[in-house]
1. Which ones in region 401-416 are in contact with a strand residue (DSSP E or B) (Cβ under 6 Å, 6 or more places away or on another chain) and either away from the ligand (no atom under 16 Å from the Cβ) or at pLDDT below 95 (or both)?
2. So which residues in region 386-405 are over 23 Å from residue 119 (Cα atoms) and surrounded by fewer than 18 Cβ atoms within 10 Å (Cβ to Cβ), if there are any at all?
3. Name the residue, out of 161, 222, that is surrounded by 17 or more Cβ atoms within 10 Å (Cβ to Cβ) and within 23 Å of the chain's Cα centre (by Cα).
4. How about region 336-361: which of its residues are more than 20 Å from the chain's Cα centre (by Cα) and near the ligand (Cβ under 9 Å from one of its atoms)?
5. Could you list, in sequence order, all residues of region 362-385 that are within 16 Å of the ligand (Cβ to nearest atom) and surrounded by 22 or more Cβ atoms within 10 Å (Cβ to Cβ)?
6. Scan region 260-295 for residues that are part of a helix (DSSP H, G or I), under 25 Å from residue 326 (Cβ atoms) and either in contact with a strand residue (DSSP E or B) (Cβ under 8 Å, 6 or more places away or on another chain) or more than 10 Å from the ligand (Cβ to nearest atom) (or both) and jot them down.
Ligand code: ADP
């Protein structure tokens, strides 16, 4: 085991894991800190927490527990993965968690770099851009839980941190890893413990990964991870495995369960329906009225599964969702749908489904819990940030897609990729 990653949410964990696998590291994702010390065999282990929006003290406690587990598992370097839009509340949690990890590792310096150029997230002079816009002009301004109203990450991180926050400017990154390490030394001498690092292209991320080779901790989005496998290979720690992404063929039936109401998922469901493929719609009102909706969905799917993949979906347009929420309350509607889809997923697997696509972050969480899955081996990428995964030790492949990922043909494309 080489790299231990602590991710602050579930789909973010899958994103960074997918990045490592693409570059030849055998990677396993753990859902929460395992209860025992038995670590699966892999080059990198990623612990998925749900710590992005919890109170800072709780995020620190959970992250330290993950760190200790990864240390016992033998990790040589650690990576705190957060969102490429630096999602955090004004009270944290990126600064407090990063500083606590540094202290626990007896380390005095780490970079902070959310850049992910492939997805349009770049950092220049400490400012985060989403495509052509500053973070503070992007849709993140109005995020319900983590509104980001300042694109200056040095300022944002400083407000969350005890020690001084610095900057590694792009001209230094462009000069290469040695120049960057020189800058690290200067910053350290000035008492800086965390430094925002500029990166506007993958080449910059590779330089940063190389410059951080001797540091115990990296804090970043998933981008910096793309440079790590070659650094480990150069050190003789890793022989990149061309088959790192290969998962076994599992056979069985295939199905899709969709509880996301995002624009992308709505397009994906529409695409499936327009292709004339079998689909059963879950009606939240029928659920609230106590109708046996899950059983009906299963009956529908079971009749078709021997011949073709079936979709069970609650996905609805924003207007429909609003109307249902007005009638039932947003929380109750969401919980009813999640519970139903989780039950449907579990009974589909019981009925012989071995390849399952799930759309929706919260929905994926509920499904994975209902299936009793705690460990996922990461396979090939379907769309940026979404890989196929295998429930460790079981003949069950899962593609867990967060809302806005994937093109319109995502469901059929995903299913065509595995046997
Ligand atoms: P995303 O990744 O797109 O945010 P999530 O699964 O995280 O998707 O969240 C979608 C939420 O909307 C879930 O709580 C789900 O149960 C709920 N939901 C899904 N369909 C409906 C619907 N038709 N009416 C109301 N709520 C719904």
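The values are calculated or read from the model by the stated rules, or taken from the named source; none is laboratory data. In this text, all values refer to a predicted model and were calculated from it rather than measured experimentally. Every residue, glycine as well, gets a Cβ built from its backbone with ideal geometry; the counts of neighbours run over all protein chains shown.
1. 401, 405, 406, 415
2. If the condition is that a residue be over 23 Å from residue 119 (Cα atoms) and surrounded by fewer than 18 Cβ atoms within 10 Å (Cβ to Cβ), then 392, 393, 394, 395 are the ones that fit.
3. Testing whether each residue is surrounded by 17 or more Cβ atoms within 10 Å (Cβ to Cβ) and within 23 Å of the chain's Cα centre (by Cα) leaves just 222.
4. The answer is 336, 337, 339, 340, 341.
5. Matches in region 362-385: 363, 364, 366, 367, 368, 382, 385.
6. Listed by number, the residues that qualify are 265, 267, 269, 270, 286, 288, 293, 294.
Here's the yes/no breakdown for (1) at pLDDT below 95; (2) under 21 Å from residue 5 (Cα atoms); (3) not in a loop (DSSP other than H, G, I, E, B):
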site	(1), (2), (3)
178	no, no, yes
186	no, no, yes
195	no, yes, yes
205	no, yes, yes
224	no, yes, yes
244	yes, yes, no
